[in-house]
Amino acid sequence: MKKQFAVIGLGRFGGSVCRELVRQGHEVLVIDMDEHKVNDYANIATHAVVADTTDESVLRSLGIRNFDYVIVAIGDDLQASILTTLLLKELKIKNVWVKAKNDYHHKVLVKIGADQVVHPEKDMGRRVAQQMSDEKVIDFIELSEEYSIVELIATDLLEGKTLIQLDIRARYGVTVLAIKKGEEINISPEPDYQIMKNDLLIVIGHNKDIKRFEDNAM
Ligand code: ATP
């Protein structure tokens with residue numbers, strides 16, 4: 001069964017969520033009270049509707065109950081964001097994701113039952129800062145506060161060395177999940193895989209261990 005998605009609020013964030021969902025082949029309903037924004041998405045989303053989502057009868061008439069995921073991407077009007085979230089949870093929507101403006105907004109959203117609260121600017125700011133401050137880190141996924149999957153670029157120090165020579169898991173407690181060479185990806189590389197400069201190593205481990213590996217081996 002195809003999942004049904006609704007995006008409320010077509011600012012830059014809501015708009016980008018909508019475009020990506022459509023790109024992935026999903027059906028997406030977009031709602032905004034600004035007619036111009038809705039017109040901009042009329043040819044992108046599956047359905048585009050002008051409506052004020054703080055009105056319960058409007059939400060009901062749109063059949064929002066049938067949606068599996070609803071993302072509330074209303075930014076500046078905290079009252080509208082909170083009220084919309086509350087109504088969606090009252091309508092028993094299982095997955096309500098909400099964009100929060102600040103920590104107070106976040107707290108209120110959690111209290112009223114938002115299933116996921118996201119801070120796009122804050123999260124992106126952290127990512128950019130982390131990537132800028134460490135040139136070897138190309139990308140990363142935080143699995144928890146302590147564990148991550150990190151994509152590291154191999155420097156001269158690793159050139160020509162095999163995984164067995166480096167003995168990364170025993171020495172640093174870090175596991176190499178895959179190695180990317182251009183477009184080619186080698187998942188679970190063999191122990192005799194010879195690393196070349198600019199290979200991308202995708203490693204998993206405790207943040208401290210990954211840092212230790214980076215500082216001492218790379
Ligand atoms: P971004 O940073 O993602 O561009 P933003 O955080 O500045 O966006 P806003 O522009 O304040 O967010 O709001 C996003 C959209 O939400 C706007 O297009 C606005 O018209 C819409 N919106 C605000 N209140 C409501 C409401 N009650 N019902 C429907 N849409 C709403």
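The values are calculated or read from the model by the stated rules, or taken from the named source; none is laboratory data. All figures in this text were calculated on a predicted structure; none of them were measured in a lab. No Cβ is skipped: glycine too gets one built from the backbone with ideal geometry, and neighbour counts run over all protein chains shown. Surface accessibility is based on the protein's heavy atoms, side chains included, excluding ligands, DNA and RNA. Shrake-Rupley method; radii C 1.70, N 1.55, O 1.52, S 1.80 Å.
When residues of the range 23-43 are filtered for being in contact (Cβ under 8 Å) with a residue 24 or more places away in the chain, closer than 24 Å to Lys3 by Cβ and in contact with a strand residue (DSSP E or B) (Cβ under 8 Å, 6 or more places away or on another chain), how many remain?
Residues meeting the conditions: 8.
Search the range 161-186 for residues that are farther than 18 Å from Ile149 by Cα and pair each with any residue that is open to solvent by less than 60 Å² (accessible area, probe 1.4 Å) and of a type in the set (A, V, I, L, M, F, W, C) when their beta-carbon atoms are under 6 Å apart and the residues are at least 6 apart or on different chains.
Lys161/Ile195
So which residues in the range 71-106 are more than 12 Å from the ligand (Cβ to nearest atom), assigned to a strand (DSSP E or B) and β-branched (Val, Ile, Thr)?
Of everything in the range 71-106, just one residue is more than 12 Å from the ligand (Cβ to nearest atom), assigned to a strand (DSSP E or B) and β-branched (Val, Ile, Thr), namely Val96.
Is it the case, given these coordinates, that Asp55 is within 11 Å of the ligand (Cβ to nearest atom) and open to solvent by 20 Å² or more (accessible area, probe 1.4 Å)? Talk me through it step by step, then tell me what you get.
Details: within 11 Å of the ligand (Cβ to nearest atom): yes; open to solvent by 20 Å² or more (accessible area, probe 1.4 Å): yes.
Taking the combined requirement at face value, the residue satisfies it.
What are the residues in the range 1-10 that are more than 15 Å from Lys94 (Cα to Cα), open to solvent by 30 Å² or more (accessible area, probe 1.4 Å) and touching a residue at least 12 places away in the same chain (Cβ under 8 Å), if any?
First pass over the range 1-10, keeping only residues more than 15 Å from Lys94 (Cα to Cα): 1-2, 8-10.
Next, from what is left, pick out any that are open to solvent by 30 Å² or more (accessible area, probe 1.4 Å): 1-2.
Hit for the range 1-10 is Lys2, nothing else.
Being aromatic (Phe, Trp, Tyr) and surrounded by 13 or more Cβ atoms within 10 Å (Cβ to Cβ) is the filter here, so list the residues in the range 100-157 that pass it.
The initial filter retains those residues of the range 100-157 that are aromatic (Phe, Trp, Tyr), namely 104, 140, 147.
Within the range 100-157, Phe140, Tyr147 qualify.
Restricting attention to the range 145-159, does a residue exist that is hydroxyl-bearing (Ser, Thr, Tyr) and under 26 Å from the mean Cα position of the chain (by Cα)? Steps first, answer last, please.
Quick first cut of the range 145-159, residues hydroxyl-bearing (Ser, Thr, Tyr) only: 147-148, 155.
Of the ones still in play, those that are also under 26 Å from the mean Cα position of the chain (by Cα) are 147-148.
Taking every residue of the range 145-159 in turn, at least one turns out to be hydroxyl-bearing (Ser, Thr, Tyr) and under 26 Å from the mean Cα position of the chain (by Cα).
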